[in-house]
1. What are the residue pairs meeting all of these: first residue in the range 285-312, first residue surrounded by fewer than 14 Cβ atoms within 10 Å (Cβ to Cβ), second residue at pLDDT below 75, Cβ atoms under 7 Å, and 6 or more apart or on different chains?
2. Just the residues that are open to solvent by less than 20 Å² (accessible area, probe 1.4 Å) and among the aliphatic types (A, V, I, L, M), please, taken from the range 13-24.
3. Assuming Leu190 fulfils every condition listed in (1) exposed (fewer than 14 other Cβ atoms within 10 Å of the Cβ); (2) touching a strand residue (DSSP E or B) at 6+ places or on another chain (Cβ under 6 Å) apart from one, which condition is it?
4. Please give the helices (runs of 4 or more DSSP H) falling wholly within the range 33-117 in which 1 or more residues are at pLDDT 95 or above and either touching an Asp or Glu at 6+ places or on another chain (Cβ under 7 Å) or surrounded by 15 or more Cβ atoms within 10 Å (Cβ to Cβ) (or both).
5. In the range 236-284, which residues are among the aliphatic types (A, V, I, L, M), surrounded by fewer than 17 Cβ atoms within 10 Å (Cβ to Cβ) and modelled with pLDDT of 90 or more?
6. Only one residue in Arg199, Arg230 is at pLDDT 95 or above and either open to solvent by 40 Å² or more (accessible area, probe 1.4 Å) or under 22 Å from Arg303 (Cα atoms) (or both), so which one is that?
7. Only one of Ser156, Ser147, Ser165 is of a type in the set (Ser, Thr, Tyr) and at pLDDT below 90; which?
8. Of everything in the range 118-156, what is open to solvent by 60 Å² or more (accessible area, probe 1.4 Å) and either in contact (Cβ under 8 Å) with a residue 40 or more places away in the chain or closer than 16 Å to Val18 by Cα (or both)? Give them in sequence order.
Amino acid sequence: MRHLRNLMDANLASDSLVTIGVFDGVHLGHQQLIQRLVDSARASRRQAIVLTFYPHPDKVLDKVKTRYYLTTPEKRAELLLELGVDLVITHPFDDETRHLPAADFIDLLVDYLRVKEIWVGADFALGFQREGDVRYLRAQGEKRGFSVRSLELITSQASQQFIRSTTVRDHVRDGNMTAAAALLGRAYALEGMVVAGERRGRTIGVPTANLEVWPEQLIPENGVYATWARLGGEAFPAATNIGLRPTFAGAAVTIEAHLLDFDRDIYGQRLELAFEKRLRPEQKFSGLDELLQQIQADIAAVRSSLQPDKPT
């Protein structure tokens, strides 16, 4: 299983089944499509390949100016490979790719990936101005020796609505982590380096790990969350605050996690926070005593929310 950063770096020794898309978040809809692709590839003794892109086309086309991604490109590839695919290609979506005609893109798939089947959603299109829709792909396949499998979008059992990355983003922005997890099939997570903060938490007996995350990834709505903090192979329940720390007149949004029953120096280490539940909005307190009282209530709420459950 491999991860390449350019379609032209692929040098396949056998034929392949390919699915193409952004796959941001690798939600349950993506997972179902890819699992079917992998099963079919195994049955036909072909390779299962996911071709995705970075940056997101919405960013390149200036549709989005703010944080947007549900996963880093590296995490997305990791999640896709865990589904059993043989190769993930994160191809650059630059100006050249943006203007590439659909016929030229198909040439790349045939020449570099030895594609025999293309698996896509019913609303899929590739190439400049989205000219390469499913009908176009099928016509090209008859000439070039590949077939096209078009799958309907997957619906959520809870809402009976299509599962889309856009919907997941809306839930994350609102702090509705339960709804986001229902579409992702796992808790939404942020990963980054633990960096030095103002050390105010340690002086009041509630030390926190300050997380520096990828500046492009979407951060949940400000507030306090019950999270699982993953450090290496270990997981610890944590009360995580996202926000400006209005009690201390903070000027920038921070992500601070208090790991329960934990006393280690983890500066400079990578930490992942899996967001299970939003406990309350961020608020300003009249003083330190009121803040400490609320922190203890938050810690109790985290214990009640997460234990004895196992992290997902």
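The values are calculated or read from the model by the stated rules, or taken from the named source; none is laboratory data. Because the structure is a prediction, the values reported are computed rather than measured. When we count neighbours, we look across all protein chains shown, and the Cβ atoms used for this are built from the backbone with ideal geometry, even at glycine. To get the accessible areas, we keep the full protein, side chains included, count just its heavy atoms, and leave off ligands, DNA and RNA. Shrake-Rupley method; radii C 1.70, N 1.55, O 1.52, S 1.80 Å.
1. Correct list of pairs: Leu288/Ile204.
2. Looking only at the range 13-24, we keep the residues that are open to solvent by less than 20 Å² (accessible area, probe 1.4 Å), and these are 16-21, 23-24.
Selection gives Leu17, Val18, Ile20.
3. Here Leu190 meets the rest and fails (1).
4. Numbers: elements: 57-60, 73-82, 95-98, 102-113.
Output list reads 73-82, 102-113.
5. Passing the criteria: Leu260, Ile266.
6. Within the list Arg199, Arg230, the selection yields Arg230.
7. Details: Ser147 fails: at pLDDT below 90; Ser165 fails: at pLDDT below 90.
After ruling out the rest, the residue left standing is Ser156.
8. Asp133, Arg138, Arg144, Arg149, listed by residue number.
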